[in-house]
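Everything on this sheet refers to the single structure shown next.
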Amino acid sequence: MCGIIGYVGKGQAYPVLIGGLKRLEYRGYDSSGVGLIPSMLNGKIVLRKTDGKIANLEKLVKSQPIPESSLGISHTRWATHGAPNKVNAHPHSDNTGRISIVHNGIIENYELLRDKLKKRGHKFKSETDSEVVAHLISEYYKNDLKAAVIRAIKDLKGAFALGVISLDHPDELVAARVGSPLIIGIGKSENYIASDVPAILEHTKRVIYLKDEELAVLTTDNVDVFKFNGQKVRPKIDRVTFKLDAVAKGGYAHFMLKEMHEQPDVLKQMLNARIKKDAISLEGIGLTDKQIKAIKNITVVACGTAYHAGMVGKYIIESLASVPVTVDAASEFRYRNPIVDKNTLILAISQSGETADTLAAIREARKRGAKVISICNVIGSSLARESDGILYTHAGPEIGVASTKAYTAQLCMLYLLGIKLGAAKQHLKPAEMKRLIKDLKQVPKLYEKILANKNSIARIAKANSHFGCFLFLGRNINFPTALEGALKLKEISYIPAEGYAAGEMKHGPIALIDEYRAVVCVATQSDTYEKMISNIQEISSRKGNIIAIATEGDKSIRKHVHHTIYVPKTNNLLTPLLTVLPMQMIAYYISVKRGCDVDQPRNLAKSVTVE
Ligand code: AGP
């Protein structure tokens, strides 16, 4: 859960590395560093490392300038082993100082390896698992960097993406991956490695998605890719389709704000691409219509926000297709001996496609014979590669740590899947299907309406930003919306927040209610509306401060609550697509008001590539 970028070429390495790190900062931002081979060799790899954000590294380099260099590696860290400080920041070097590495992932057997290496005279400086890699490569180094890296990898257990440089090879950058993502950018007289495309998009759109257990040797004019057994492979060069402005704030104060505003377009594009004359195309799913019809049960595995999308998916699929759906937190799935076999369809949901728990869950499911299809945003991600079928959400890069557009895109895909399944199973009548598709197509316009109301939502959020505790309540298909609202608020404002099924309130959480709590209630028109109003009255009589998310036109709700945010009327089944928008906006404006770091909240990283 770190970001790495490396450069070899005719140009200057440092500007490329620092620019790339800024674009990778969403992956981790507690410390960073850069390692360069100076063009005028002076017997040392130049290292600059510091704690804190990339801005600190820039400041350091200003105060301690670096020499010219056209080969370097750099890293932005999310600490796993060892505190976030200068010593633990990457790159790490061997004792000779002639080999340096950057690492993303976890070396599970590092203690064992470190003990062995210590006995052989290696001296360790940091508390990290990563440092062992530099020493190990050094141990095996006999004038051939590639061979030493391959040999060292044989001893490593865990997940890693590596960038390696050596003073003895001033024009060579070696990279390898197992489990953690790594791409290679192909430029003109320059080549790059990076954890993710945005880091190099400014320089090239031609990329190789390095596969697991592959190693690459990059020089100024060449990239060779090998399997770990040394066999050379011919990599596929892809062309990235998104533009640089997709990874820039574009005038918005934060990426999260920009990404919230992109939601109408993301949905519009998905619906245009997937709905053809009232029929749904799930190209990529890897199942024939006959196989889709034969699906008997589905198990969703996902984490965090994607897990909440899966929970909404359960309501959608069970209601439209009458297919039973189990939803598992991926981090729990593999440790509870799941009942999964060749008759189970696993549906993995992930924005990044690199979440370690989700990947571990699908690997476990596949071992047990299940077929895996995934809903994923990042093209060429590990999840995409390891699934039997893939439904890309094409939401574009999501940089803000708090997931917004990826969530609504996942929901939209789940509606399409539910409709397709319902139609295949003839559970959904053609007329109902037509109506639902028509309603779904209206959603982007309804989004515009909610977003246009942002000033009033911001006012409500700010007026409630002083509360030290929030409760989010919803029923039925909007129960997951309540969970998602609480998660958004927690992660970007650090306010303790709980999401609950409103009917469960009287079984415990009602004890929390007093004049110091704020309660956000999803109370849109539905079969459970009256019940929700009863919950609201229970909260009101205990002096809780209520913000209701209600259906446009519902004036009567106002007498029970302190604030009302209206969403347009739509088919009840589709309401989670709408009600989550005010939740995202409440969290955003509260975070801004409290002066929190919206896009890079403390202790978090965008993709959680460790268990
Ligand atoms: C969402 O706001 C979170 N940052 C987090 O819960 C996220 O959804 C989770 O880590 C899963 O990530 P993924 O979708 O990339 O698998």
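Please determine, in degrees from 0 to 90 and to the nearest 10, the orientation of helix 54-63 with respect to the longest principal axis defined by the Cα atoms of the chain, where the helix direction is its Cα long axis.
The angle comes out near 30 degrees.
List the residues of the stretch 354-369 whose backbone N lies under 17 Å from a point placed 7 Å from the Cα of ALA294 along the Cα-to-Cβ direction.
Under cut-off, by backbone N: 369.
Could you give the size of the charge dipole of the chain about its Cα centre, using +1 on the Cβ of each K and R and -1 on the Cβ of each D and E, expressed in debye and rounded to the nearest 20?
780 debye
Output the peptides 425-438, 226-239 sorted from most to least packed, where packing is the average of other Cβ atoms within 10 Å over each peptide's residues.
425-438, 226-239
Among LEU71, ALA309, ASN85, flag the residue with its Cα farthest along the positive direction of the charge dipole of the chain, charges on Cβ as +1 for Lys/Arg and -1 for Asp/Glu.
Projecting each Cα onto the dipole axis, the largest value belongs to ALA309.
I'd like the antiparallel share, as a percent to the nearest 5, of DSSP beta bridges with both residues in the chain.
60 percent
So how strong a dipole does the stretch 246-451 carry about its Cα centre when Lys and Arg Cβ are +1 and Asp and Glu Cβ are -1, to the nearest 20 debye?
660 debye
Helix 405-424 sits at what angle to the longest principal axis of the chain, using alpha carbons and giving 0 to 90 degrees rounded to 10?
The answer is roughly 60 degrees.
Got a sec to turn the phi values of the stretch 238-247 into Karplus ³J(HN,Hα) couplings, 6.51 cos²θ - 1.76 cosθ + 1.60 with θ = phi - 60°, whole Hz, x for Gly and Pro?
Computed from phi, the couplings for the stretch 238-247 are 9, 10, 6, 9, 7, 9, 4, 5, 5, 10 Hz.
I'd like the distance between the alpha-carbon centres of the stretch 566-583 and the stretch 53-84, rounded to an integer number of Å.
Here the answer is 44 Å between Cα centres.
How far apart, in nm, are two points set 7 Å out from the Cα along the Cα-to-Cβ line at CYS469 and at VAL61?
Calculated label separation equals 4.7 nm.
Once you have the Cα-Cα distance between GLU318 and LYS593, take 0.36 nm times their residue separation minus that, and quote the gain in nm to one decimal.
Working: separation 275, 0.36 × 275 = 99.00 nm, distance 4.00 nm.
Gain in length upon complete extension: 95.0 nm.
Say the dipole of the stretch 354-497 comes from +1 at the beta carbon of Lys and Arg and -1 at that of Asp and Glu; which of THR358, SER387, ALA431 then lies farthest toward its positive end?
ALA431
Any idea how far apart ALA329 and ARG120 come out in nm if each label point goes 7 Å out from Cα toward Cβ?
4.1 nm
Output the 0 to 90 degree angle, nearest 10, between the alpha-carbon long axis of helix 454-463 and the longest principal axis computed from the alpha carbons of the chain.
Helix 454-463 sits roughly 90 degrees off the main axis of the chain.
Can you compute the charge dipole magnitude of the stretch 453-605 about its Cα centre, using +1 on each Lys and Arg Cβ and -1 on each Asp and Glu Cβ, nothing else charged? Give it in debye, rounded to the nearest 20.
I would put it at about 400 debye.
Mind jotting down the distance between the C-alpha centroids of the stretch 391-451 and the stretch 149-213, whole Å?
Each part reduced to its Cα centre gives a spacing of 36 Å.
Each residue of the stretch 350-367 in order: what ³J(HN,Hα) in whole Hz does its phi give by Karplus 6.51 cos²θ - 1.76 cosθ + 1.60, θ = phi - 60°, with x for Gly and Pro?
In residue order, the calculated couplings are 7, 5, 7, x, 10, 5, 4, 5, 5, 5, 5, 5, 5, 5, 4, 5, 5, 4 Hz.
If packing is taken as the mean number of other Cβ atoms within 10 Å per residue, what is the order of 345-352, 166-173, 260-267, highest first?
My ranking of the peptides, most packed first, is 345-352, 260-267, 166-173.
Just so you know, all these numbers are worked out from the coordinates, no wet-lab data involved. Source: prediction; values computed, not measured. Methodologically, a virtual Cβ is constructed for each residue, glycine included, from the backbone with ideal geometry; neighbour enumeration extends over all protein chains shown.
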